[in-house]
1. Given the residues Thr189, Thr214, which is the only one that is more than 15 Å from the chain's Cα centre (by Cα) and either at positive phi or at pLDDT 95 or above (or both)?
2. Every residue in region 49-86 that is polar (S, T, N, Q) and in contact (Cβ under 8 Å) with a residue 12 or more places away in the chain, please.
3. What number of residues within region 180-232 satisfy the criterion of being touching a Gly at 6+ places or on another chain (Cβ under 6 Å) and not in a helix (DSSP H, G or I)?
4. Which of the residues that make up region 44-56 are buried (at least 16 other Cβ atoms within 10 Å of the Cβ) and either touching a strand residue (DSSP E or B) at 6+ places or on another chain (Cβ under 7 Å) or outside any loop (DSSP other than H, G, I, E, B) (or both)?
5. Given the options Arg167, Arg173, name the one that is of a type in the set (Lys, Arg), over 13 Å from the mean Cα position of the chain (by Cα), surrounded by fewer than 15 Cβ atoms within 10 Å (Cβ to Cβ) and in a loop (DSSP other than H, G, I, E, B).
6. Output the qualifying pairs, or none if there are none: Cβ atoms under 6 angstrom, residues six or more apart or on different chains, first residue in region 214-232 and over 13 Å from Ala63 (Cα atoms) and free of Cβ contacts under 8 Å to residues at least 24 places away in the same chain, second residue of a type in the set (D, E, K, R) and part of a helix (DSSP H, G or I).
7. Is it true that some residue in region 145-154 is crowded, with 21+ Cβ neighbours inside 10 Å, over 15 Å from the mean Cα position of the chain (by Cα), farther than 19 Å from Asp33 by Cα and touching a residue at least 40 places away in the same chain (Cβ under 8 Å)?
8. When Arg88 is evaluated against the numbered criteria (1) closer than 20 Å to Pro41 by Cα; (2) of a type outside the set (S, T, N, Q); (3) surrounded by fewer than 21 Cβ atoms within 10 Å (Cβ to Cβ), which criterion, by number, is the only one it fails?
Amino acid sequence: MAITARRRAGRVAAAVCLALPALSAQAAYVVVDTGHTPARPGATGASGRVEYQYNLVLSGAVAARLTALGERVRRVAADGAEVALGQRARLAPDADFFISIHHDSMQQKYIDAGRQREFAGFSIFVSQRNPRYEESLRCAKAIGEALVAAGEKPSLYHAEPIAGENRPLLDRRLGVHRFDGLAVLKTATMPAVLVEAGVIVNPDDEARVARPDTIERMARAIADGVHGCLRG
């Protein structure tokens with residue numbers, strides 16, 4: 001089943017990207033950003049494991065897959081160094097694409113109400129302040145197509161009309177949202193996308209995204225989506 005899903009994800013990503021303008025005809029230069037740092041580790045999962053640890057593993061798998069596909073990859077914040085959000089994309093100003101890997105939390109009021117298990121799945125974000133917004137959006141959709149084809153589902157709760165959320169939902173089926181204020185996206189000069197791979201404050205989703213088979217499946221889908229978009 002896992003092999004079938006991966007093959008389907010690759011076919012879908014390739015098919016979607018046939019209609020997209022190529023960003024690079026040769027090997028692309030991709031920045032893979034590990035969200036947060038050990039000192040500022042992001043969300044804390046239901047088990048107590050912090051987000052940075054999840055981000056580090058998945059971003060490493062994404063980088064490895066992109067390298068295997070023939071892309072040139074630079075990793076950011078994978079060595080534990082403190083790197084300001086607004087500087088991350090600027091470390092490689094000549095890159096063709098920037099992708100930031102994260103795992104998700106939720107509004108505290110949901111946690112306080114015991115609603116953690118209601119929200120699960122991935123979310124993808126782009127910023128309209130990015131100078132290459134349309135290309136960012138196209139690649140975000142390609143990544144979403146690959147994730148859905150691999151059996152993943154979007155969470156969608158970031159679009160809820162409440163304080164702290166209310167992010168415009170650009171594609172419901174693919175879980176693509178607009179979040180103009182995200183520093184790593186709006187400061188990038190190249191197309192840029194942020195992926196929230198799963199909701200780790202949900203104990204069920206946290207356990208799922210920690211499994212090696214899930215990590216491999218999601219990394220392949222994310223990397224194949226990026227690769228297809230850049231080489232389409």
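1. Only one candidate passes the filter, namely Thr189.
2. Gln53, Asn55, Ser59
3. 2
4. Correct list: Val50, Glu51, Tyr52, Gln53, Tyr54, Asn55, Leu56.
5. Working: Arg167 fails: surrounded by fewer than 15 Cβ atoms within 10 Å (Cβ to Cβ).
The match here is Arg173.
6. Thr214/Arg208
7. Yes, the conditions are met somewhere in region 145-154.
8. Failed condition: (3).
The values are calculated or read from the model by the stated rules, or taken from the named source; none is laboratory data. Nothing here was measured: the structure is a model prediction, and the numbers come from that model. Neighbour counts run over all protein chains shown; Cβ positions are idealised from the backbone, glycine included.
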